[in-house]
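Notes follow the structure.
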Amino acid sequence: QVQLVESGGGSAQAGGSLRLSCAASGRTFSSNVLGWFRQAPGKEREWVSSISWRTGKQYYAYSVKGRFTISGDAAKNTQSLLMNSLKPEDTAVYYCAAMKPGGMLMSYQSEYDYWGQGTQVTVSS
C-alpha cells in the first residue's frame, strides 16, 4: 500500500507563500491523479487542487485558482502545492491524496484511496 507524507506546512503572513510537498513510499505508485484537500477547524474537508499526470491538466477549486499551483514529478512519486497570496481563510490542515484506479472525479473525496497524515498551514493577518 502506498503511503503519502506531507511536508512544508507552517505559518505565514497574509499575502505570503508556502510550498507543500507530498512524497509517496511503499509499493510502486501508479495513481494517475494526485490532489490536495484541506480541512479548517469546524468545517468539512474540501478539495483544493489536483493534477492528472496522464493529461498534464491541473484542476483548482475556485477559492484558490490563480493563487495556488500544483505540480508533480512522476519519476520521484512526489507532488507539491505552491501557495501564493495566502489568506487567513487558507488556514487548515492540508492533506495529500492519491486517486484510486479508475477514478475520474477530481473534486470528490471518495475518489481518492491514499491519504497523508496532514500538515498544518496557518495564515495570519
(message) Conditions first: (1) of a type outside the set (Asp, Glu); (2) in a strand (DSSP E or B); (3) out of contact with any Asp or Glu (no Cβ under 7 Å at 6 or more places or on another chain). Met106 passes all but one, so which condition is the exception?
(response) (2)
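Quickly run through the stretch 26-55 and pick out the residues that are in a loop (DSSP other than H, G, I, E, B) and among the acidic types (Asp, Glu).
Kept after step one, since they are in a loop (DSSP other than H, G, I, E, B), are these residues of the stretch 26-55: 26-32, 40-45, 53-55.
The one that is in a loop (DSSP other than H, G, I, E, B) and among the acidic types (Asp, Glu): Glu44.
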(request) Scan the stretch 48-63 and give yes if some residue there is at pLDDT below 95 and in contact with a Cys (Cβ under 9 Å, 6 or more places away or on another chain), otherwise no. (result) no
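Just to confirm my filter: which strands (runs of 3 or more DSSP E) fall fully inside the stretch 56-99 and include at least 2 residues that are open to solvent by less than 50 Å² (accessible area, probe 1.4 Å)?
Numbers: elements: 58-60, 68-73, 78-83, 92-99.
It comes to 68-73, 78-83, 92-99.
The values are calculated or read from the model by the stated rules, or taken from the named source; none is laboratory data. Bear in mind that the values here come from a model prediction, so they are computed numbers and not experimental data. Here Cβ is always computed from backbone atoms with ideal geometry, including for glycine, and neighbour counts include all displayed protein chains. When the accessible area is computed, the model is the full protein with side chains, heavy atoms only, and any ligands, DNA or RNA have been set aside. Shrake-Rupley method; radii C 1.70, N 1.55, O 1.52, S 1.80 Å.
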